[in-house]
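Laboratory data are not the source of any read-out in this text; all were calculated from the coordinates shown. Just so we're clear, the structure is a prediction, and the values are computed from it rather than from any experiment. Glycine also receives a Cβ, built like all others from the backbone with ideal geometry; neighbour counts cover every protein chain displayed.
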Amino acid sequence: MDTATTVELKNKTILTSTPHVHSKLSAQKAMWLVVISLLPPLVMGVIYFGLYQLIVVLAALAGAVMTESAIKYIRKQKVTIFDGSAVITGLLLGLILPPGLNPVFAFIGSVVAIGFGKEVFGGLGYNIFNPALVGRAFLQAAYPVAMTTWSTPAMAVDTVTKATPLSLFKFEAIASKGGVDAMSLFLGNVGGSIGETSSIAILVGMVFLIVMKVLNWRVPLAMIVGLLLFSGIFWLIDPTKFASPIHHLFMGGFMFGAVYMASDWVTSPVTNKGIWIYGMAISLIVVMIRLFGGLPEGVMYAILIMNGFVPLINRYTKPVIFGEEK
Amino acid sequence: MSKSNSPINDFMNGIWKQNPIFKQVLGTCPTLAVTVSVVNGVAMGLATTFVLLFSSLIISMIKSLIPNQVRIAAYIVVIATFVTIVDIVMKAQFPELSKALGPFIPLIVVNCIILGRAEAFASKNTVVRSGFDALGMGAGFTLALLVIGGIREILGSNKLFGFVVLPDTVEPMLIFILPAGAFLTLGILFGIANNYEQKQKDKIIQKAIAAERSAKLVTVPAAPQTETEEA
């Protein structure tokens, strides 16, 4: 047991390490700004898929907050639910679940997201993988049927289970028949996860985050540039077989992943050069999974895979210290 | 090492103190692969225990006859003999179980627990002690597989020992009968075991400090070391 006496340093010069310049933007404030920025996709999701989706999102939210509090209580640490990070994880997870999912599954997903995605690594700031995506990956493996049952927007009359644009492209070769209407993809009036279909709502959130300086604009930009580049190459090779880059951009969870998932402060590289490598690599994996993999969508796995590479990217993009020779 | 060299102590070592799964982290491949149900896990554990017991006994008996340079090869021959017996008996008597366990029965030959105990214990100790050590290790391994198999079977297929224990309304989490679930379960159990061990250690240290204070001794109590042999 460490019984070393603590030396008190009253009225003495306080020595601190760099940085000495502090931003007014605290982690806590940033977290709540992200929560605000998540409202447009949530609202659009509820409009398109019905009020029931609010229950799914709230279940995920409750699971995240309760798990965080419980773990902090058990480990006798300060309960940190008010810093908003658990709220974000819950909201993010809720928004990337399929509409009409059993709320119990959403709750379990959140428990896993916080418990195994974040707290086992030591809590906020120590997690290697994006917690919400860990939760979703768990649900995908635990309940594969429920997690791939997509309902179309309920704005018409009733909720109907139908394939997402991505699975249309993947399994029904729709590219040769003219594809899906790009405008409805942009607005989000298609099948998909609760918060991911409406690209316009996500763009609103993105602009808000960039203006508030919470989001490093390089992350979404690198991913978008990478996606347009890699999917564009295949589209130029055979437009009747592969979807156009614009479709790829607005289909599935790409925009949501680029803005809210890949840009997570904790699990993305610290250097700008590293962010470009990270973003482009995510897009490359997304295109590979979408075009040649067994699954219709690969944004979740692409981001999780590249999360694992972040320490390596950080190491190899370390800037040269001023005065040091290269 | 344990203070007394009694056979009972050797046996108990394998159950918890040097549990092959939770403490030595040996033989994790069969642990992760076959524990989709309790029955499979226990069958694997018993098969391994059988091989472990007889190979330990034989190796301990002939240890002075084996030249040091070829000892591993000699151990493998002994172990492979018993694995072949297990494999053939299982195929004849429990064909379904044999099919479920698949290649993992023949793979007992290269199971690190068996070779580890042969190298670390049986080749250095008497026949009686080796036998009890093998039984303890086998029991520890079987218990670990039982626990892991139980957790995975309940969560992954709502069953325990093949009987339905959870109502239909609870949808089974498929992940727990997939390899990912095995890693999750094993990781959580490792965490719990380590946490328990740490608390026990802390208690001992606290006690020692209290005793030291009351006796006003200057000596610092040495931290108790985990007993792990080279394996």
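Counts of other chain beta carbons within 10 angstrom of each beta carbon in peptide B:172-183 average 3.
Taking each residue in B:67-76, count the Cβ atoms of any other chain within 10 Å of its Cβ, then average. What number comes out? The partial results should precede the final answer.
Details: counts 0, 0, 0, 0, 0, 0, 0, 0, 0, 0.
Averaged over the peptide's residues, the number is 0.
Taking the centroid of alpha carbons for each part, segment A:266-315 and segment B:1-44 are 40 Å apart. Within chain B, the longest run free of trypsin sites (Lys or Arg not before Pro) that sit in a DSSP loop with at most 10 other Cβ atoms within 10 Å is B:4-215. In terms of the Cα gyration tensor, with a ≥ b ≥ c the square roots of its eigenvalues, is chain B rounded because a/c is under 1.5, prolate because a/b exceeds b/c, or oblate? It comes out oblate by the Cα gyration axes. For segment A:90-97, putting each phi into the Karplus relation 6.51 cos²θ - 1.76 cosθ + 1.60 with θ = phi - 60° gives couplings of x, 4, 4, 5, x, 6, 9, 9 Hz, in residue order, rounded to whole numbers and with x for Gly and Pro.
Using DSSP to call loops (not H, G, I, E or B), can you name the chymotrypsin sites (Phe, Trp or Tyr not before Pro) in segment A:255-326 whose Cβ has at most 12 other Cβ atoms within 10 angstrom? Before the final figure, lay out each step's value.
Working: sites: A:Phe256, A:Tyr260, A:Trp265, A:Trp276, A:Tyr278, A:Phe292, A:Tyr301, A:Phe309, A:Tyr316, A:Phe322; in loops: A:Trp265, A:Phe322.
Hits after loop and neighbour filter: A:Phe322.
Listed by number, the DSSP H helices of chain B that run 24 Å or longer by alpha-carbon position along their axis and have mean Kyte hydropathy of at least 0.0 are B:38-62, B:71-93, B:127-157. Its Cα centre serving as origin, the protein assembly as shown has a Cβ charge dipole (Lys and Arg +1, Asp and Glu -1) of approximately 1200 debye. Taking GluC sites (Glu not before Pro) as exposed when DSSP calls them loop and at most 14 other C-beta atoms lie within 10 angstrom, chain A has its longest site-free stretch at A:9-323. When the protein assembly as shown is described by a simple charge dipole with +1 on each Lys and Arg Cβ and -1 on each Asp and Glu Cβ, the residue from A:Phe292, B:Ile85, A:Tyr278 located farthest towards its positive end is A:Tyr278. Let me have the relative contact order for chain B, percent, based on Cα pairs under 8 Å that are six or more residues apart. Over chain B, the number comes to 31 percent. Annotation: amide H-H contacts under 5 Å for B:Leu160 (H modelled 1.01 Å from N, sequence separation of 5 or more, or interchain): B:Val165.
Please work out how many pairs of lysine residues in segment B:3-194 are eight or more positions apart (or on different chains) and have Cα atoms closer than 23 angstrom. So the count of such lysine pairs works out to 8.
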